[in-house]
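Inspection log for the structure reproduced underneath, given as structure tokens.
Values quoted throughout were computed directly from the atomic coordinates according to the rules given, and no laboratory measurement underlies them. As the structure is a computational prediction, the values presented were derived from the model and not from experiment. As a convention, Cβ positions derive from the backbone with ideal geometry for all residues, glycine included, and neighbour counts pool all protein chains shown.
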Amino acid sequence: MKHLPATFAVALLMLGTTAASALERRVQINNTSSYDIYEFYASNTGTNSWEEDILGEDVLLSGDSVMINIDDGSGYCKYDFLAVFEDGEEVISPDNNVCELDEFDFTD
């Protein structure tokens with residue numbers, strides 16, 4: 001049996017551990033409401049601010065979806081969502097587990 005050099009074996013072990021522990025934080029945001037979403041924020045539940053508007057200059061039209069990478073580098077899985085609609089209404093959805101959530105719907 002051929003033995004791997006120790007440094008190579010450690011590198012392989014670290015690669016496997018990193019891949020296994022990495023959690024996906026991409027969530028498809030579905031706008032199933034009757035109104036366009038002009039701003040969308042996702043901030044981990046451990047912070048007191050909304051950070052930046054993830055949509056930026058874009059608008060999430062009624063009936064459309066967008067895939068968003070919610071990972072802010074903090075390692076958190078729990079995030080609060082805030083959507084600001086075209087009529088100025090704000091909808092907050094607290095405590096979303098983005099490590100387990102594949103899709104999220106904003107509805108009327």
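Points worth noting:
- Length gained on full extension, Asp58 to Gln28, computed as 0.36 nm times the residue gap minus the Cα-Cα distance: 9.3 nm.
- Backbone HN-Hα couplings from phi across segment 79-84 [Karplus 6.51/-1.76/1.60, Hz, Gly and Pro as x]: 10, 9, 10, 9, 10, 10
- Take 50-61, 24-35 and order them by the average number of nearby Cβ atoms within 10 Å per residue, most first; the result is 24-35, 50-61.
- Take 87-96, 72-81, 37-46 and order them by the average number of nearby Cβ atoms within 10 Å per residue, most first; the result is 37-46, 72-81, 87-96.
- Couplings for segment 47-54, taken from phi via the Karplus curve 6.51 cos²θ - 1.76 cosθ + 1.60 with θ = phi - 60°, read 10, 9, 10, 8, 6, 9, 5, 5 Hz in order; Gly and Pro are left as x.
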